[in-house]
Amino acid sequence: MYGRNKLLPYLMKLMNRTILMITSDRKNKRISFLGFYLICSLFFLISCNKTNLPKPSEVQYKWHEQERIMFIHFAPTTWTEVEQNDHSVSLDRINPEKLNTDQWCEAAIAWGAKQIIFVAKHSGGFCWWQTHTTEYGIRNTPYKNGNGDVLKEISESCKKYGLNLGVYIYPGDKTWGAMIGSGGKTNDPSKQEAYNEVFRTQLTEVLSNYVEMLEVWFDGSCVIDVSDIMEKYAKNAVVFQGPHASLRWPGTESGKLFYPAWNTVKEEDLKTGVSTQIHGNPNGDVWAPLETNTTLYNHYWFWSPRKVKTRKSVDELMDCYYQSVGYGSVFLLNASPDTTGLIPVDDIQRYKEFGDEIERRFASPIAKTESTKGKNIHLKLPKPARINHTVIMENYKEGERIREYKIEGLANGKWVELTKGISVGRKKIDYFDEIEIKQLRLVITGAAAKPFIRSFAAYYVSNFTPPQKTSMQVWARPQQVSGWSKNEISNNQIELKVELNDKINVPGQYILSVKTDLPNAVEIKSAEMYYNGNPAMKEFVNIKGTSIYLNQTAQITDNGDLNVVIKIYFKKHSGGKIEFKPQLIH
């Protein structure tokens, strides 16, 4: 295959040869029909090549079209109040006698989800399928006398209900000392080779012994080489985080994106395995859409009697919908079975209410046009009507083309601007003050190529309250978290341990800034992040000048310890301080 940079000169050279052929034909007072046809075709190919935008693969498109996906978090932590498994629950307590994966599927369908992602193995290392790679798994519990296999059960239920299935398999494992944020790196180097084989076997089992997985989740990335396994068993799956990532995490677990939200990134950012929405770039060279995840309980992934009291309201869930699906993303909402193995009845009811509300608002447009091209799309209403919403969908199979747009309505004989925006992608939901109009028009004021509009629709939503847009705190006020005096500098260096337990308790992206009394006085030599004394992957810490960017992907609660060790070199001795602020959280 020719790359873009190689193809264009080749086509130009071929076109020149064709022109020479036509010119020589003129000596015989005739023009070759074949030559004319070739030159027209080449002009077409060259013009197409100029709009060579990144496009989704077949599996990325299939995944994205689902729009809504349900997570299922179920682990020994369900029998406690903690979020990260502390191994305090004995295996003989794990006996979810009423477990019913059909009920899980019905919960997903209730709110329109088309896929389930099952957490087959979380950070503690407990495995919900029959495996001999560990003693810490379902075969050593009372559930079905040790013969249970929840991954098999959910596979069969998904097939029965027509749902796709994805699997979350944590690359780390507490039983091996591969802790949170390690990506599977063991604290004891002598155990690494053995654990690599264990994890590779586990991954092979979950990908080869059940239904074909549409999605594989490597939460927090993966340092173990599994390329051959992924090539053999997961060619038809999208991948969340790690070296094979084809999706991106937003950077928070709020269920909300900031706007604009782009589907493309630079390949170098995607290859880090932990790229987020911040890396989104309309001029990116690879397609990597966003999967916007959040909890039903605010903010807990696993069930407990206390946590259910934090259940999100329908309004809160709709806010998430507008700021995830409505910004072009897929929305991933969690479900938490209780110790019986069932999703609580009140949770099921909330999912149904949420699904019903989406249907109420967007099932029946007042007017809709489909499959149009160009920068001016007109939509005539059957009769004058009040509207307060529009939904634009790009034909993103051909790439994300729109860069800026406005929507106008014809009211009282005049065109009035109703709203405007930037990115669209799969879907953009816009809302505005209700107005009676006869016509709508979508005016695309900026585009990377000729816009392909899949659909443009108008809606009226009664009893509408605009989504509450919680501040992203991108430019929050810095807080001092550490400091030093000149007297503490030794051999032109200093090492500081910055405690962040009380500063970082939700996943997000954060900045530590080194501020000195004298200008251009220091250079940051290194920075390492630790969870409970265990080093995190180096990809989670990025030094740029005198700032340190932290990517915190795990839910740190339960009195967990989080700190960053910074080594600073001094070009000239100066006192100073370390400031902390969120870069991207809700």
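Somewhere in the stretch 145-152, is a residue at pLDDT 95 or above and under 24 Å from the mean Cα position of the chain (by Cα)? Among the residues of the stretch 145-152, at least one is at pLDDT 95 or above and under 24 Å from the mean Cα position of the chain (by Cα), which makes the answer yes. Which of the strands (runs of 3 or more DSSP E) found entirely inside the stretch 284-389 contain at least 1 residues meeting this: closer than 28 Å to residue 239 by Cα and among the charged types (D, E, K, R)? Ranges flagged: 291-294. When we screen 281, 263, 298 for residues that are of a type in the set (S, T, N, Q), closer than 24 Å to residue 421 by Cβ and surrounded by fewer than 23 Cβ atoms within 10 Å (Cβ to Cβ), the only hit is 281. Just one of the listed residues (538, 567, 572) is at pLDDT 95 or above, surrounded by fewer than 20 Cβ atoms within 10 Å (Cβ to Cβ), among the charged types (D, E, K, R) and not assigned by TED's automatic domain parsing to the domain that holds residue 258, and it is 567.
Check 529, 472 and return the single one that is crowded, with 17+ Cβ neighbours inside 10 Å, modelled with pLDDT under 95 and not assigned by TED's automatic domain parsing to the domain that holds residue 560. Steps first, answer last, please.
Details: 529 fails: not assigned by TED's automatic domain parsing to the domain that holds residue 560.
Going through 529, 472 in turn, the sole match is 472.
Within the stretch 428-461, being surrounded by fewer than 20 Cβ atoms within 10 Å (Cβ to Cβ), in a loop (DSSP other than H, G, I, E, B) and of a type outside the set (Gly, Ala, Ser) holds for 450, 460, 461.
Residue 179: touching a Gly at 6+ places or on another chain (Cβ under 8 Å), among the hydrophobic types (A, V, I, L, M, F, W, C) and under 12 Å from residue 122 (Cα atoms), yes or no?
Details: touching a Gly at 6+ places or on another chain (Cβ under 8 Å): yes; among the hydrophobic types (A, V, I, L, M, F, W, C): yes; under 12 Å from residue 122 (Cα atoms): yes.
Against the criterion (touching a Gly at 6+ places or on another chain (Cβ under 8 Å), among the hydrophobic types (A, V, I, L, M, F, W, C) and under 12 Å from residue 122 (Cα atoms)), residue 179 qualifies.
The single residue among 238, 223, 198, 265 that is touching a residue at least 40 places away in the same chain (Cβ under 8 Å) and closer than 23 Å to residue 66 by Cβ turns out to be 238. Answer yes or no: is there a residue in the stretch 217-234 that is assigned to a helix (DSSP H, G or I), farther than 20 Å from residue 182 by Cβ and not charged (D, E, K, R). Yes; the residues of the stretch 217-234 include at least one that is assigned to a helix (DSSP H, G or I), farther than 20 Å from residue 182 by Cβ and not charged (D, E, K, R).
So that you can scan it fast, the table gives a plain yes or no per residue for (1) buried (at least 20 other Cβ atoms within 10 Å of the Cβ); (2) in contact (Cβ under 8 Å) with a residue 40 or more places away in the chain; (3) not assigned by TED's automatic domain parsing to the domain that holds residue 280:
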| position | (1), (2), (3) |
| --- | --- |
| 309 | no, no, no |
| 324 | yes, yes, no |
| 332 | yes, yes, no |
| 345 | no, no, no |
| 373 | no, yes, yes |
| 376 | no, yes, yes |
| 385 | no, yes, yes |
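For the stretch 50-73, give me each residue that is in contact (Cβ under 8 Å) with a residue 24 or more places away in the chain and not in a loop (DSSP other than H, G, I, E, B). Once the filter is applied, which keeps residues that are in contact (Cβ under 8 Å) with a residue 24 or more places away in the chain and not in a loop (DSSP other than H, G, I, E, B), the stretch 50-73 yields 59, 60, 61, 62, 63, 64, 68, 69, 70, 71, 72.
Quick check on residue 190: is it more than 23 Å from residue 99 (Cα to Cα), of a type in the set (Ser, Thr, Tyr) and within 25 Å of the chain's Cα centre (by Cα)? Taking the combined requirement at face value, the residue does not satisfy it.
The values are calculated or read from the model by the stated rules, or taken from the named source; none is laboratory data. Given the structure is predicted, the values throughout are model-derived calculations rather than measurements. Neighbour counts run over all protein chains shown; Cβ positions are idealised from the backbone, glycine included.
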